[in-house]
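Encoded as structure tokens, the structure appears first; notes follow it.
Read the figures in this text as sums done on the coordinates, not as results from a lab. It should be emphasised that the depicted structure is a prediction, and the values quoted were computed from it without experimental measurement. For neighbour counting, all protein chains shown are included, and Cβ atoms are generated from backbone atoms with ideal geometry for every residue, glycine included.
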Amino acid sequence: MKLPRKDILGLKDVPRDEIALILDTAESLKEISSRPIKKVPTLRGKTVINLFYEPSTRTRTSFEIAAKRLSADAINISTSTSSVVKGETLIDTAMTLDSMNPDIIVIRHGASGAPHILAKLLPQSIINAGDGAHEHPTQALLDMLTIRERKGAVEGLTVAIVGDIAHSRVARSNIYGLTTMGAQVRICGPAMMIPRGIEKLGVSVFTSMDEAIANADVIMMLRIQFERQNNVMFPSTREYARNYCLQAENLRHTRKDVLIMHPGPINRGIEIAPDIADGPHSAILDQVANGVAVRMALLYLLSGEQE
Amino acid sequence: MKLVLKGGRVIDPSQSIDSEMDVIIEKGRISGIERDFPQKESGTGVRIIDCRGMLVVPGLIDMHTHLREPGFEYKETVKTGSDAALAGGFTSIACMANTDPVNDNRSVTEFILRQARAADGVHVFPVAAVSRNLEGAVLTEFTDLLDAGAVALSDDGKPIVHSGLMRNALEYAHSLGLPLMSHCEDPGLSTGGHMNESLVSTELGLPGIPAIAEDIMVLRDIAIAEYTKISLHIAHVSTAGSVRAVRDAKARGVAITAETAPHYFSLTDEALAEYSTNCKVYPPLRTADDAEAVKEGLKDGTLDAIASDHAPHSSIEKDVEFEYAATGMIGLETSLALSYALVHTGILTERQLVEKMSTNPAAILRIPKGTLQTGVDADVTLIDPGRTWTVDTSLFRSKSRNSPFQGWKLKGKAVMTIVSGKIKYDER
């Protein structure tokens, strides 16, 4: 099996059958991670480079584990500095890596569109592990896998995404993925964190969290991206938390089986109360586990190997 | 030696001429416009150029360019910029002050003019900075700059945020007879932005610059011009709101003039969909509604001039992540053809096009150009309106290649550029 594309740069143009194939494949690969010997030879001899220009714990580790469980050689390049600050341009770095003939390059970058530069330039498959405020497709895929596991299907569900939508690549990828798979998406946050024209992407927009989460099947809370704020967008975190921190009392008016998700890292007490993050509705750690499976699926499907 | 441009359609709005006539050039000056200049004088100290099917117009003027010298000679020099201008049909260009060092003192102005004389191409008219080092804090020495040869003042590239400084600059420039060109941008709304704020910026995840960042400063400048009763020129208008503001101000009798650039009516923010850094420009490419409003503004006279805002950058600044890329695109060699599309599509008449690319820029800059009147420097552009060509940046005279129009098929081209009676460019 193989995806009919070289790269995964985002979910904007990925059709339903491809998303379903990725999720099905992830589901079937998930079992490997619960074996005593968590390794299969599927991608033996393949080289995966994780090129991370932004700090990351879960995504980088998740990609590395995914590659290793498929027996690929995973190389991690981490730098918190941008290519410009470092002196070498992204294009020069890309050409340098290309000379070492890897098979797949995973890139995270603070600048939107950075993975597109590699995708245009290099013959390797490029996987976007998050670029600026643009997309984070593997996060949305693992979110959908989690929803599918817990709810049976994505189609027909109502998903409320709450927080700093303007700066969130997770929100964008989830909006594309979830709407493609047939979910109703609501987005919610203070109006200055709702990016212009987003309603044209087929979502409904709320500023009241209680209205947004009423009757929702899934609530997805987002982190405030302090590092992306050019100017202060709200008076204080305390003030933000008063309106947009998901707490026990907010859940009184939601469905009893509501699923609560968060892409992490969580800021306890700012966008989600600790007892909710750790409570029975929370799927936050399931998301992390599914991250490995989804990334294994992508590495496998982009390599085009037969099992 | 006489040069006779014979049989073309001569369009000179300054004299309300639009008919088939012969333009006669002697000793570097226009010596007359006649009907039926005798053909047989050829070979007797007379060179006759067959202009049938061509437009013969006063030399085009690009009132807004960046020549990058001194300081950024790897992007453009006065010489390469002048060559690019000639190929684009321009006989005069005004160059902005954001060089390194900034053109905020007479030595830089004189240096640019010295380089222009050495280049021996187009007439170069330096625009000097309003404030020292473009910092918007302390005025430059206007009189000294005027003496050195600056024709206008602008902090182009940066807005003058301090309204008091703007007012003082306008009043002082007026008392010296210097026009002032304003770059309208409210940094409180634009800082950190990389493209127009719209659905496209939302989809691309790029920080946006809202149209109101421009509109608000245009409205402020109109208020200052209205209050002081002094004329002011608005550079690179890109939004429907700015067009409306300028139109309303003109209707009230405010002495305001405005220019736009070809990219604001030829492209929209949709062109950024692939993170193309050659489409990164300030003010940013806007929506289709804005582009329509700009065309309407050109048609009804709200916008007086078309200027390229030629902004050369090398691959060092452009082959990087979008957010790190420098802003600006080159335009000298595509400006006329992109603007001529407005004639082909019936938005402008040929005469209006000549007004916006020659007559009006000369009037706004108060330079003795933009006319074919007897006695003036013989600056003439020959345009073949039917010439179709494909933009190939590898053939450009400019040192830089940052054009978003690479590969575009265009119709209309300058085929001969005559500066002070000398044929400086000829590709008939």
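Structural remarks
- Neighbours of B:C279 by Cβ distance under 10 Å: Lys/Arg scored +1, Asp/Glu scored -1, total -2.
- Inter-chain shielding of B:267-277 (mean C-beta neighbours from other protein chains, 10 Å cut-off): 2
- Taking amide H positions as modeled 1.01 Å from N, with prolines and chain starts lacking one, the residues under 5 Å from B:N196 and 5 or more places away or on another chain are B:I209, B:L285.
- Counts of other chain beta carbons within 10 angstrom of each beta carbon in peptide B:192-203 average 5.
- Helix-only mean residue ellipticity at 222 nm for the protein assembly as shown, each DSSP H run of n ≥ 4 adding -39500 (n - 2.57), per residue, nearest 500: -9500 deg cm²/dmol
- Around B:P70: net Lys/Arg minus Asp/Glu count, Cβ-Cβ under 15 Å: 0
- In the protein assembly as shown, taking the dipole from charged Cβ atoms about the Cα centre, the farthest positive-side position among B:A152, B:W389, A:L121 is held by A:L121.
- Set of lysines near B:K229 by C-alpha distance (under 19 Å), chain-local residues within fewer than 8 positions excluded: B:K250
- Pairs of Cα atoms nearer than 8 Å and 6+ residues apart set the relative contact order; for chain A it is 22 percent.
- Computed E for A:T57/B:A288 - FRET, C-beta separation, R0 45 angstrom, nearest 0.05: 0.55
- In nm, spacing of pseudo-spin labels at A:N243 and B:E26 (7 Å Cα→C-beta vector): 7.8 nm
- HN-Hα J in Hz across segment A:94-102 - Karplus 6.51, -1.76, 1.60, θ = phi - 60°, x for Gly and Pro: 4, 5, 4, 5, 4, 5, 8, 6, x
- For segment B:316-422, the relative contact order is 30 percent, taking Cα pairs closer than 8 Å that sit 6 or more residues apart in sequence and dividing their mean separation by the residue count.
- Highest GNM mean-square fluctuation among B:I316, B:I209, B:I33, for chain B modelled with Cα contacts below 10 Å: B:I316.
- Distance between modelled label sites at A:I77 and A:E31, nm, 7 Å Cα→Cβ extension: 3.8 nm
- Relative contact order computed over chain B (Cα-Cα under 8 Å; 6+ residues apart), in percent: 20 percent
- Put a plus charge on the Cβ of each Lys and Arg, a minus charge on the Cβ of each Asp and Glu, and nothing anywhere else: the dipole of the protein assembly as shown about its Cα centre is then about 860 debye.
- Within straight-line cross-link reach of A:K30, lysines at Cα separation under 19 Å, skipping those fewer than 8 residues along the same chain: A:K2, A:K38, A:K39, A:K68, A:K151
- Where trypsin sites (Lys or Arg not before Pro) fall in DSSP loop in segment B:1-38, at most 13 other Cβ within 10 Å: B:K27, B:R35
- Pairwise alpha-carbon distances in the protein assembly as shown exceed 36 Å for 50% of all pairs.
- Relative to the dominant Cα principal axis of chain B, helix B:288-299 is inclined by about 40°.
- Extending 7 Å from Cα along the Cβ direction at B:D36 and again at B:S107 yields two label points whose distance is 6.2 nm.
- Between amide H atoms placed 1.01 Å from N, distances below 5 Å from B:A258 occur with B:I234, B:D304, B:A305, all of them 5 or more places distant or on a separate chain.
- Nearest 10 degrees, 0 to 90: helix B:78-87 Cα axis against chain B principal axis: 60 degrees
- Taking a straight line from the alpha carbon of B:K399, these aspartates and glutamates sit under 13 Å away, with near neighbours fewer than eight places off in the same chain left out: B:E69, B:E73, B:E76, B:D83, B:E333.
- With an a/c value under 1.5 for the gyration tensor axes a ≥ b ≥ c computed over the alpha-carbon atoms, segment B:59-365 is described as rounded.
- FRET efficiency for the pair B:E135 and B:S276, taken as 1/(1 + (r/R0)^6) with r the Cβ-Cβ distance and R0 = 41 Å, rounds to 0.80.
- Distance-filtered residues of segment B:264-300 - backbone nitrogen under 13 Å, label point 7 angstrom along B:I347 Cα→Cβ: B:264-268, B:286-300
- Residues whose amide H falls under 5 Å from that of B:M63, counting only those 5 or more places apart or on a different chain, are B:A94, B:S308, with hydrogens built in the peptide plane.
- Measuring between alpha carbons in the structure, the pairs from B:K318/B:K409; B:K318/B:K369; B:K356/B:K424; A:K6/A:K200 lying more than 32 angstrom apart are B:K318/B:K369.
- Note, ³J(HN,Hα) from phi for segment B:243-260, Karplus 6.51, -1.76, 1.60, rounded to Hz, x at Gly and Pro: 4, 5, 4, 5, 4, 4, 5, 4, 5, 7, x, 6, 7, 10, 10, 8, 10, 10
- Exercise: per-residue mean of other protein chain Cβ atoms within 10 Å, A:88-94: 2
- Put a plus charge on the Cβ of each Lys and Arg, a minus charge on the Cβ of each Asp and Glu, and nothing anywhere else: the dipole of segment B:59-365 about its Cα centre is then about 760 debye.
- Each residue of segment B:118-135 was assigned a 3J(HN,Hα) from its phi angle through the Karplus expression (A = 6.51, B = -1.76, C = 1.60, θ = phi - 60°), giving 5, 5, 6, x, 7, 6, 10, 10, x, 9, 8, 6, 6, 10, 4, 6, 6, 8 Hz with x at Gly and Pro.
- Histogrammed with a bin width of 10 Å, the alpha carbon distances of segment B:330-411 distribute as 16, 40, 34, 10, 0 percent, first bin at zero.
- Cα centre as origin, Lys/Arg/Asp/Glu Cβ charges: chain A dipole, Debye: 220 debye
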